[in-house]
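Engineer: The structure's right below; bear with me while I get my questions together.
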Amino acid sequence: NFVKSKIKWNGNYGKFAQYGVRKAYMDKSGNDADINLLVTSMLRSVGVDANPVLISTRDNGIPLFPTRKGFNYVICSVRKDNNYLFIDATDQYGTGNILPFRVLNWQGRLIEENGVSSWVDVMPKNKSTETTFLNAKINEDFSITGKVAKNFTSYSAYGYRAKYNNMSEEDHIKSLEDEKGDIEISELNVENKDEISEAVKLSYEYELLDGADEIGDKVYFTPMLFFATKENPFKLDERIYPIDYVLPFKDSFIVNVMIPEGYVVESLPDAGAMEFKGSQVKFLYFVKANGSYLQLRIDLEVNNPIILPADYKDYKDFYSKIIEKQTEQVVLSKA
């Protein structure tokens, strides 16, 4: 944090310092190597086992063997026993083992003081989570009002901060409303925007005018409302390159819907669970009626973020089934 406050990254990549750490410190600007070699030096000065790690950024490709031309970036590593903590002080929202997406590229080359080098895996091991709590009330005019609360951890929190922290509240709300139908969001609140070691907590209230349809004496709606994915992003018939989610993650939705007075549940989507390729990707859908409330739980868990081209068609079909389940409708009828 001290280095972040003193030197701003100038946007340049390099496996060598651009100015040297002393000049970068005095001028308050430098490339990735200026900044992260300074971090390494500072940690070494107080007895920490810190070493630089050469990286090939995602847009630079993957080096299959150690070569100076194969790397274009430097981060810092701290070792304790057989565990590593990776640091990149170029990024405002990065912290220990939360690296910018640009450097998450399989592995890096650890350079030790004695000249020995070795491969180290820089990819995240723990899942990033995004948990959504959605409360909804279907009103007499079939508009839907309620509140959303979201928790973002790890890289999900990092991505949220990078996208929204520099937005005005008005633009933030507009972005949240985008592609969610006829919705109006209000009472936006964000906690831990700048406490980068903490989870981001977001909440807002909403009014949705097109979330339920009255046809005859029945009401139809999708319980995920505006969070349901309506279109499969995987449109190609074949792929040459893998699908790369970058890191493992889990998205969870916990939904409570208040059924309007005078109506009962006529039909619900079937609960179920699906897995892709031995739990590489898992999907859970659970819904039940409980008195005047409808309760829904959905989990999408990606344990292996790389889907190989040979598995693309199967994964495309798998994802289509996820969308079908998310968009299945609940039917209410008059009591």
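The values are calculated or read from the model by the stated rules, or taken from the named source; none is laboratory data. The shown structure was predicted, so the numbers you read here are calculated from the model rather than taken from an experiment. Cβ: placed from backbone, ideal geometry, glycine included. Neighbour counts: every protein chain shown. These accessible areas exclude ligands, DNA and RNA; they are computed on the full protein's heavy atoms, side chains included. Shrake-Rupley method; radii C 1.70, N 1.55, O 1.52, S 1.80 Å.
Engineer: Which residue pairs have Cβ atoms closer than 8 Å, lie 6 or more positions apart in sequence or on different chains, and pair a first residue in segment 212-232 that is in contact (Cβ under 8 Å) with a residue 24 or more places away in the chain with a second residue that is open to solvent by 80 Å² or more (accessible area, probe 1.4 Å) and in a loop (DSSP other than H, G, I, E, B)?
Structural biologist: Every condition considered, the pairs that remain are Y220/Q329; F221/Q329; T222/Q329.
Engineer: OK, next. Of all residues in segment 221-247, which are acidic (D, E) and under 30 Å from G211 (Cα atoms)?
Structural biologist: Once the filter is applied, which keeps residues that are acidic (D, E) and under 30 Å from G211 (Cα atoms), segment 221-247 yields only E231.
Engineer: Next question. Is it the case, given these coordinates, that N82 is over 24 Å from the mean Cα position of the chain (by Cα), modelled with pLDDT of 95 or more and either over 16 Å from M123 (Cα atoms) or open to solvent by 70 Å² or more (accessible area, probe 1.4 Å) (or both)?
Structural biologist: Judged against the criteria, N82 is not a match.
Engineer: Further question: Enumerate the pairs (first residue in segment 149-174 and under 14 Å from Y204 (Cα atoms); second residue anywhere and of a type in the set (D, E, K, R) and part of a helix (DSSP H, G or I)) with beta-carbon separation below 6 Å, excluding pairs fewer than 6 apart on the same chain, so at least 6 apart or on different chains.
Structural biologist: none
Engineer: Let me ask something else about it. Considering segment 102-158 alone, what residues qualify as being open to solvent by less than 50 Å² (accessible area, probe 1.4 Å), over 30 Å from L209 (Cβ atoms) and in a loop (DSSP other than H, G, I, E, B)?
Structural biologist: If the condition is that a residue be open to solvent by less than 50 Å² (accessible area, probe 1.4 Å), over 30 Å from L209 (Cβ atoms) and in a loop (DSSP other than H, G, I, E, B), then L104, N105, E112, V122, M123, P124, T153 are the ones that fit.
Engineer: Let me ask something additional. Which condition does D34 not pass, out of (1) open to solvent by 10 Å² or more (accessible area, probe 1.4 Å); (2) of a type in the set (D, E); (3) over 25 Å from S156 (Cα atoms); (4) free of Cβ contacts under 8 Å to residues at least 60 places away in the same chain, if it passes all the others?
Structural biologist: (1) is the only condition that D34 fails.
Engineer: Let me ask something else. Quick one: count up the residues across segment 42-70 that are over 19 Å from N1 (Cα atoms) and open to solvent by less than 10 Å² (accessible area, probe 1.4 Å).
Structural biologist: 4
Engineer: Can you give me the number of residues within segment 45-88 that are among the aliphatic types (A, V, I, L, M), in contact (Cβ under 8 Å) with a residue 12 or more places away in the chain and closer than 24 Å to I196 by Cβ?
Structural biologist: Number of matching residues: 9.
Engineer: Just checking, which of D194, D171, D213, D237 is surrounded by fewer than 15 Cβ atoms within 10 Å (Cβ to Cβ), part of a helix (DSSP H, G or I) and not aliphatic (A, V, I, L, M)?
Structural biologist: After applying the criteria, what remains is D171.
Engineer: Under 29 Å from T327 (Cα atoms), modelled with pLDDT of 95 or more and exposed (fewer than 15 other Cβ atoms within 10 Å of the Cβ): is that true of K163 in this structure?
Structural biologist: Judged against the criteria, K163 is a match.
Engineer: Further question on the same structure: Just to be sure, is T131 within 16 Å of the chain's Cα centre (by Cα) and either within 30 Å of D182 (Cβ to Cβ) or free of Cβ contacts under 8 Å to residues at least 40 places away in the same chain (or both)?
Structural biologist: When the stated conditions are applied, T131 passes them.
Engineer: Further, regarding this structure: Which number in (1) under 23 Å from the mean Cα position of the chain (by Cα); (2) in a loop (DSSP other than H, G, I, E, B); (3) surrounded by fewer than 20 Cβ atoms within 10 Å (Cβ to Cβ) marks the one condition that T90 misses?
Structural biologist: If we test T90 against (1) under 23 Å from the mean Cα position of the chain (by Cα); (2) in a loop (DSSP other than H, G, I, E, B); (3) surrounded by fewer than 20 Cβ atoms within 10 Å (Cβ to Cβ), just (3) comes out false.
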